[in-house]
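Q: The structure is given below, and queries will be raised subsequently.
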Amino acid sequence: MFSLKGKTVLITGASRGLGKGMAVGMAQAGADIIGAGISDMTETQQEVEQTGQSFYPIKMDLSDETKRTHLIEQALALTCKIDVLVNNSGIIRRSPAEEYSLRDWRDVLDLNIDAVFQLSTAAGKHMIARGSGKIINIASMLSFQGGIKVPAYTASKHAVAGLTKALANEWSSKGVCVNAIAPGYMATDNTEALRNDEERSQFIESRIPIGRWGLPEDLAGPAIFLASDASNYVSGHILAVDGGWLNY
């Protein structure tokens, strides 16, 4: 039930961090991977191909609305089908709320939710026509909490959770399951500033029941589950992968 053999997965932001961790893990489960993003994906491609699966890179600035509207058709031109879409790309800008610029607000909301909506609806049309598909959005602990000095990120991740449920309500009966993964505090580029703040980093780690920051590979198993037939009766769910953070 957990095999992804014969499936094609499109992952945005696959060059490093969570995107790379999911790409390699899903390839190990048998999927071919299309990676989309602005950064070099050579390392991800090498690790995916070491599993025996194919990797198709698409170099694209997903913050450019005019370009990302063509991503799904470019992916389909390479592989003819998309079984799974993973909306992973996102950014974070930190500043006290009273000093937060409208430019930062718009940049974060554009990539973190507008792009997710555009790609999901474009892929959704393809999946609905085929009668099957899985969409996995990347939410956050800040889909449930308020955070500190990240008002736009928090707003965007609340929106990701809501969009996930809305699309699931419309598309589940058409064979398309839409879910989200909400990572906890993960050791990635987005959290580098927090991890470099020794006092804050130690507090965060002490509050995680498992006792450590998460790693990109910790998302591989949940992503495989939501992409596979094992989750065919799961839709509209926000799966926390947080080391127990929300329970503490």
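The values are calculated or read from the model by the stated rules, or taken from the named source; none is laboratory data. Keep in mind that this is a model prediction, so the values were computed, not measured. Here the Cβ is made from the backbone with ideal geometry for all residues, glycine too, and neighbour counts use every protein chain on show. With ligands, DNA and RNA removed, areas are computed over all heavy atoms of the protein, side chains included. Shrake-Rupley method; radii C 1.70, N 1.55, O 1.52, S 1.80 Å.
Q: Quickly rank 164-170, 62-68 as a protection proxy: mean count of other C-beta atoms within 10 Å, highest first. Walk me through the numbers on the way to the answer.
A: Numbers: 164-170: 17.3, 62-68: 15.4.
By packing density, highest mean first, the sequence is 164-170, 62-68.
Q: Okay, next question. Could you provide, to the nearest whole Å², the per residue accessible area of the chain with probe 1.4 Å?
A: Ligands and nucleic acids excluded, the figure is 46 Å² per residue.
Q: Amide H to amide H, which residues 5 or more places from Ile34 or on other chains are under 5 Å from it, using H placed in the peptide plane?
A: Answer set, sorted by chain and number: Val9, Leu10, Ile11, Tyr56.
Q: Mind checking the dipole of segment 60-186: about its Cα centre, +1 per Lys or Arg Cβ, -1 per Asp or Glu Cβ, Debye to the nearest 20? Spell out each step's value before the answer.
A: Details: 14 positive and 12 negative charges, 77 e Å.
Rounded to the nearest 20 debye, it is 360 debye.
Q: In nm², what is the average projected area of the convex hull enclosing the Cα atoms of segment 204-248?
A: Computing the convex hull of the Cα atoms and averaging its projections yields 3.6 nm².
Q: Remind me, relative contact order of segment 129-203 in percent, using alpha carbon pairs under 8 angstrom and six or more residues apart? Please report the intermediate quantities before stating the final value.
A: On the way: 84 pairs, mean separation 28.1, N = 75.
Computed value for segment 129-203: 37 percent relative contact order.
Q: Right, another one. Grab the Cα-Cα distance for Lys67 and Arg130, subtract it from 0.36 nm times how many residues apart they are, and report the gain in nm with one decimal. Mind dumping the intermediate values first?
A: On the way: separation 63, 0.36 × 63 = 22.68 nm, distance 2.48 nm.
Gain in length upon complete extension: 20.2 nm.
Q: Please state the charge dipole magnitude for the chain, taken about the Cα centre, from unit charges on C-beta atoms (+1 on K and R, -1 on D and E), reported in debye and rounded to the nearest 20.
A: The dipole of the chain has a size of about 660 debye.
Q: Over every pair of different alpha-carbon atoms in the chain, take the mean of 1/r and invert it; report that Kirkwood radius in Å. All intermediate terms of the calculation are to be shown ahead of the outcome.
A: Numbers: mean 1/r = 0.0554 Å⁻¹.
Mean inverse Cα-Cα distance, inverted, gives 18.1 Å.
Q: Can you work out D for segment 36-179 in µm² s⁻¹ from Stokes-Einstein, where Rh is the Kirkwood radius over C-alpha pairs, the temperature is 10 °C and the viscosity is 1.306 mPa s?
A: Working: Rh = 16.3 Å.
Value of D from the Cα-based Kirkwood radius: 97 µm²/s.
Q: For segment 125-248, what are Rg and Dmax over the alpha carbons, in angstrom?
A: Radius of gyration, then largest Cα-Cα span, for segment 125-248: 15.8, 52 Å.
Q: Among the DSSP beta bridges whose two residues both lie in the chain, what percent are antiparallel, rounded to the nearest 5?
A: Working: 0 of 28 bridges.
Antiparallel: roughly 0 percent of the beta bridges in the chain.
Q: Counting only helical runs of four or more DSSP H residues, what would the 222 nm mean residue ellipticity of the chain come to if each run contributes -39,500 (n - 2.57) and the total is spread over all its residues?
A: Numbers: 10 runs with 102 residues, N = 248.
That comes out to -12000 deg cm²/dmol.
Q: Let me ask something additional. On the protein heavy atoms, probe 1.4 angstrom, tell me the percent of accessible surface of the chain carried by carbon and sulfur. Display every interim value, and only then the final one.
A: Details: 5680 of 11360 Å².
Reported share for carbon and sulfur atoms: 50 percent.
Q: Still on this structure, please answer the following. Calculate, for Ser54 and Phe2, the FRET efficiency according to 1/(1 + (r/R0)^6) with r their C-beta to C-beta distance and R0 25 Å; round to the nearest 0.05. Don't jump to the answer; show the numbers that get you there.
A: Working: r = 20 Å, r/R0 = 0.80.
The value I calculate is 0.80.
Q: Which one, Asn179, Phe203, Thr191, is farthest towards the positive end of the dipole of segment 117-248 when Lys and Arg carry +1 and Asp and Glu -1 on their Cβ?
A: Positive-end residue among those listed: Asn179.
Q: Considering only Ile91, Ala75, Ile113, whose Cα is most displaced toward the positive end of the charge dipole of segment 56-123, charges sitting on Cβ of Lys, Arg (+1) and Asp, Glu (-1)?
A: Working it through, the farthest residue towards the positive pole turns out to be Ala75.
Q: Next up: Could you tally the net charge around Asp83, taking each other residue with its Cβ under 13 Å from the Cβ of Asp83, Lys/Arg +1 and Asp/Glu -1? Write out the running numbers ahead of the final one.
A: On the way: positive: Lys5, Lys7, Lys81, Arg130, Lys134; negative: Asp32, Asp229.
Charge balance near Asp83 sits at +3.
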